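Undergrad: Have a look at the structure that comes next, please.
None of the figures in this text is laboratory data; all of them are computed from the coordinates on show. Because the structure is a prediction, the values reported are computed rather than measured. All Cβ positions, even for glycine, are placed from backbone atoms using ideal geometry, and neighbour counts span all protein chains on display.
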Amino acid sequence: MATGIDLNEFLMSGVHVDHESYSHEEFLEKARKGVHVVIRESSVTKFLKENIRAITEGAAGVARHTSFCTDDVNARDILDYGHLDHMVRLAIKAGVSPMTAIQMASLNSAEAYHIDDTVGSIAPGKDADILLVDQPGTFNVETVISKGQLVSENNEVVASFQPPKRSATLQGKLQHELLKPADFDYQVDLADGTATVEAIHSVGPFVRKRQDVELAVKNGVVQPDVAKDTALVSVIERYGINGNQSRGFLHGWSIKRGAVATSASPDDNNLVVAGVNTDDMALAANTLIECGGGQVVVVDGKVVALLELPIGGITTDLTPAELAAKEIELKTAAEQLGSELPDPLFYLSFLPITAIPDLAITDGGNVDYTKLAYFDPILELNK
């Protein structure tokens, strides 16, 4: 969302590839200023339809300096729609010529990242990553050859996938002691009254704005308020380095009960927990601490869905079909919280990313992106 002089100053730092444009006008300005612009289409941020207009309506030559990325696409969407091949089909449907769309998904990206000496085209000495499709205009993948090995043929997987042996260092419990419900209380120096708080309001997964909310204070603890659509959020350092735990407030998630937690949360992959019930928040956090990481939904004292991610707390050796089934289970369970977000687990995992305007929360505290500083979410206390 940088334009004009702000964009110029940013590009002077040496950035030459970008994948986050919210409009085709923003996309086109970056391209005209020498940026290799990447169109992003993930499970929750679908930018292709808008961004492709920079090519189909703006300047067709920009396509030569454009490529694709998925960044945060889940297993079920890959199985249902495809990966970069899905983006090729979307681009063709939007009016881009088939060969241009294919080039955007292959050679262009390889050149942008300076790895076109090994990938990006079919030529002697390069890695043999080849797709056989029905025809360019429909681009339905029928056979896949990866690094010279046949992976699938006529839409049937022929390769045998055997996970490598995982180092014990990458597995085990998250390095934090078990938590109590009181650990999620936001305590203030006021017995009873009200607190005006600065809550993090999500406007889509990648825009977060300030929302001031007045909440009740009871026995020195600021209370979440379902009627005011304000939940609690906490980030816990889980590497055994300092034991940090931050607390804050979420707005706009329509959570009416329970809690949700994840240990897969870039950029730090700490433990992130949100909810309106501290008993459920503690159960969610402790479930992930004990199983070595993952994503979980808790309602009324019960774990209603759990995806274990035992490898580094961020990934798993489940097959794609098994993982997709778990993702659907989590999404269905999250709906029991009352949340109207398209995918609460994705939104939750993005909260610690401090590069997203305007607000974030890390294990160090609540962060104001615009000021590059922490902020106290308690604005005012009143008896």
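Undergrad: Could you state the number of Å between the C-alpha centres of segment 1-60 and segment 324-383?
TA: Computed from Cα coordinates, the inter-centre distance equals 25 Å.
Undergrad: Starting from the Cα of LYS49, draw a straight line to each of the lysines and keep only those under 19 Å, dropping any in the same chain fewer than 8 residues away.
TA: Of all the lysines, those that pass the test against LYS49 - Cα under 19 Å, at least 8 places apart if same chain - are LYS30, LYS93.
Undergrad: Using the Cα centre of the chain as the reference point, and only Cβ charges (+1 on K/R, -1 on D/E), how large is the resulting charge dipole? Debye, rounded to the nearest 20.
TA: Its charge dipole is roughly 180 debye.
Undergrad: For a quick protection proxy, order the peptides 282-289, 141-148, 346-353 by their average other-Cβ count within 10 Å, most packed first.
TA: Going by the mean number of other Cβ atoms within 10 Å, highest first, we get 282-289, 346-353, 141-148.
Undergrad: Under 24 Å between alpha carbons, and skipping anything fewer than 8 positions from LYS180 in its own chain: which lysines qualify?
TA: LYS218, LYS256, LYS302
Undergrad: From the helices alone, meaning DSSP H stretches of at least four residues, give me the mean residue ellipticity at 222 nm for the chain, per-run term -39500 (n - 2.57), in deg cm²/dmol to the nearest 500.
TA: Only helices count here, giving -6500 deg cm²/dmol.
Undergrad: How much length is gained if the chain between SER167 and ALA60 is pulled fully straight, taking 0.36 nm per residue apart and subtracting their Cα-Cα distance, in nm to one decimal?
TA: 33.6 nm
Undergrad: Which FRET efficiency value, to the nearest 0.05, is calculated for THR370 and LEU107 with the Förster distance at 41 angstrom and r the Cβ-Cβ distance?
TA: The computed FRET efficiency comes out at 0.60.
Undergrad: Ranked by Cβ crowding within 10 angstrom, fewest neighbours first, how are ASP18, ASP192 ordered?
TA: Lowest count first: ASP192, ASP18.
Undergrad: Here's something else I'd like to know. With unit charges on the beta carbon (Lys/Arg positive, Asp/Glu negative), name the residue among GLY312, ALA168, LEU323 whose Cα is farthest towards the positive pole of the charge dipole of the chain.
TA: About the Cα centre, the residue reaching furthest to the positive side is LEU323.
Undergrad: While we're here: May I ask you to list the aspartates and glutamates whose Cα is less than 20 Å away from that of LYS147, ignoring any residue fewer than eight positions away on the same chain?
TA: Once the sequence-local aspartates and glutamates are set aside, what remains near LYS147 is ASP85, GLU111, ASP116, ASP117, ASP127, ASP129, GLU156.
Undergrad: Could you work out the relative contact order of segment 4-124? I mean the mean sequence separation of Cα pairs under 8 Å and 6+ apart, divided by the number of residues, in percent.
TA: 21
Undergrad: Return the label of the correct value of Cα extents along the principal axes in Å, as calculated from the structure shown, out of (1) 72, 51, 35; (2) 84, 46, 35; (3) 62, 45, 35.
TA: Given (1) 72, 51, 35; (2) 84, 46, 35; (3) 62, 45, 35, the calculated one carries the label (1).
Undergrad: For the peptides 121-133, 57-69, what is the packing order when you average, over each peptide's residues, the other Cβ atoms within 10 Å and list the highest mean first?
TA: The densest-packed peptide leads the list: 57-69, 121-133.
Undergrad: Pop the C-beta distance of GLU335 and GLU50 into the FRET formula with R0 = 35 Å and round what comes out to the nearest 0.05.
TA: Between GLU335 and GLU50 the formula returns 0.80.
Undergrad: Another one. Pairs of Cα atoms under 8 Å, at least six residues apart: use those to get the relative contact order of segment 51-119, whole percent.
TA: Computed over segment 51-119, the figure is 38 percent.
Undergrad: Next question. Would you mind calculating the relative contact order of the chain from Cα pairs under 8 angstrom and at least 6 residues apart, reporting the percent as a whole number?
TA: Over the chain, the number comes to 13 percent.
Undergrad: Given a Förster distance of 25 angstrom, what is the FRET efficiency for LYS256 paired with ASP279, based on the Cβ-Cβ distance and rounded to 0.05?
TA: It comes to 0.95.
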